[in-house]
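S.K.: Sharing a structure, written as structure tokens. Questions coming.
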Amino acid sequence: MSVLITGATGFVGSRLLHHLLSQDDDTPVIVLGRDAPEVLLDRIRTAVGWLDVNGTVRPGAFGRLRCLRADLAGRGPFPDGAAPAGLTAVWHCAAATTLRGDPVPVHRVNVIGTRRVLELADRVPAAHLVHVSTAYVAGRRAHGVIRETDLCDAAGFHNAYEQSKFTAERMVLRWARDARRTVTVLRPSVLVDDRPAPEGLPRHPFAVLSRSVRATLDERAARASAAARPPGTALSQGALRFRLPGSPDGSLNLVQADWSVRAMVRAVAAHRGPGVLTVHVTHPDNTPVRAIARAFEAVHPGLSVEITPRIGDPTRLEAAMLGDFGFMTAYSAQHRAYDRTHLLACTGDLPDPRPLDGAYLERALAVPPPGRTAAGS
């Protein structure tokens, strides 16, 4: 018996691997990654070590890992040992999450990479395939309840990432039907963590945006200092005003990453198959966009965030931020909810995630001091 994971150094994959290495068993874990095996193992040790706040990783757990070099978006055969006869589960967590720029690399990783994983799974017909998709395969649909069985492109997509994950999910469903395989499709919403990750480790989207805002504020403060601005004028003359296009009463579904991984593992264990089970790994309550904006203001003194339906004259800073971080702006007008029927049926007595209050959001957006590293965290 063994388990295979793609994307084990990513935001979801590293947390899944931490969970698996914390279990009291000796199931071997095969990790596929683009790095050389020794580099991949070092990255895993760093990520899992930082996540292991409570010391739950079992002694000698890293000895269960077999790291293999494989480019999912490339060509050529997989390395020997990638699909042993005793493989019982394939967790496909690897994904490109870029929301702007050239869509070709996103397609290669998310679509071609998924097709390659299916080819690998063909070699182990008894393995349970777990495909980590996203709740945002719903695309531009802004209202109503998104059912776990919904998969429709009629509303279109905000970006190449959404479209690629939609295409990959359709491909997985067709493969499962034709091959009569057991497949669990997991659709998490926006995963967040209230423990800011140090340099070198993957971060959630709002943490990335928060760091960009901090860099901009620091740059402005440096310019103001160089210009010898009189004391007491920073807020009135130097405040960073950022307008966010969207609905003032819009909301996003954010969910805690640690809770999500526990829910994912339970959902997969509950799905005995055969066939496909699609599960929304989402929070029962959406987070108002206004609450996210207030958290940004609390974390970054001097920042003023205004949510407005339309921006006719974006500043250069606003234009740059909107270009780099369209994720937040593209979804700020949503009013949709997510069906959790399959999730609740599979997770048993797992309590719902805690509410995402202002204090949690502020911790999630906090920026570690400069120079902090993973080893020193």
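Any read-out appearing in this document is the output of simple, stated calculations on the displayed coordinates, not a laboratory observation. Source: prediction; values computed, not measured. Ideal geometry is used to build each Cβ from the backbone, glycine not excepted, and the neighbour counts take in all protein chains shown.
S.K.: Please order Ser2, Ser210 by the number of other Cβ within 10 Å, starting at the fewest. Each step should come with its number before you reach the end.
M.R.: Details: Ser2 19, Ser210 22.
So the ranking, lowest neighbour count to highest, is Ser2, Ser210.
S.K.: Please give the calculated 222 nm ellipticity per residue for the chain, where each DSSP H segment of at least 4 residues contributes -39500 (n - 2.57) and the sum is spread over every residue; nearest 500 deg cm²/dmol?
M.R.: About -11500 deg cm²/dmol.
S.K.: In whole Å, largest first, what are the principal axis extents of the Cα atoms in the chain?
M.R.: Cα spread of the chain along its principal axes, largest to smallest: 72, 47, 43 Å.
S.K.: List Met264, Met1, Met171 from most exposed to least, where exposure is judged by having the fewest other Cβ atoms within 10 Å.
M.R.: Values: Met264 26, Met1 11, Met171 15.
If I rank by nearby Cβ atoms, fewest first, I get Met1, Met171, Met264.
S.K.: Place a +1 charge on the Cβ of each Lys and Arg in the chain and a -1 charge on the Cβ of each Asp and Glu, then give the dipole magnitude about the Cα centre in debye, rounded to the nearest 20. Let's see the in-between values first.
M.R.: Details: 45 positive and 36 negative charges, 99 e Å.
The calculated dipole for the chain is roughly 480 debye.
S.K.: May I ask you to derive the relative contact order of the range 1-122, considering only C-alpha pairs under 8 Å and at least 6 residues apart, and to give it as an integer percent? Please list the in-between numbers first.
M.R.: Numbers: 176 pairs, mean separation 40.7, N = 122.
Answer for the range 1-122 is 33 percent.
S.K.: Efficiency by 1/(1 + (r/R0)^6): what FRET value for Arg241 and Asp102, r their Cβ-Cβ distance, R0 = 22 Å, to the nearest 0.05? Working shown, then result.
M.R.: Numbers: r = 31 Å, r/R0 = 1.42.
Efficiency at R0 = 22 Å is approximately 0.10.
S.K.: What is the set of long-range amide H partners of Tyr338 at a cut-off below 5 Å, with H atoms built 1.01 Å from backbone N?
M.R.: Counting only residues 5 or more places away or on other chains, the set is Ile146.
S.K.: While we're here: Over the chain, what is the relative contact order in whole percent, taking alpha-carbon pairs under 8 Å and six or more residues apart?
M.R.: On the way: 666 pairs, mean separation 73.4, N = 377.
Dividing the mean separation by the residue count of the chain yields 19 percent.
S.K.: Hey, another quick one. Kindly write out, for the range 278-290 in residue order, the coupling ³J(HN,Hα) from the Karplus curve 6.51 cos²θ - 1.76 cosθ + 1.60 (θ = phi - 60°), rounded to whole Hz, with x marking Gly and Pro.
M.R.: Computed from phi, the couplings for the range 278-290 are 9, 10, 7, 9, 9, 7, x, 10, 6, 9, x, 4, 4 Hz.
S.K.: For the Cα atoms of the chain, what angle does the longest principal axis make with the long axis of helix 113-122, in degrees from 0 to 90, nearest 10?
M.R.: The answer is roughly 20 degrees.
S.K.: Could you derive backbone 3J(HN,Hα) for the range 250-263 from the dihedral phi with the Karplus parameters 6.51, -1.76 and 1.60 (θ = phi - 60°), listing whole Hz in sequence and x where the residue is Gly or Pro?
M.R.: So the J values, rounded to whole Hz, are x, 8, 10, 9, 10, 9, 5, 5, 5, 5, 4, 5, 4, 5.
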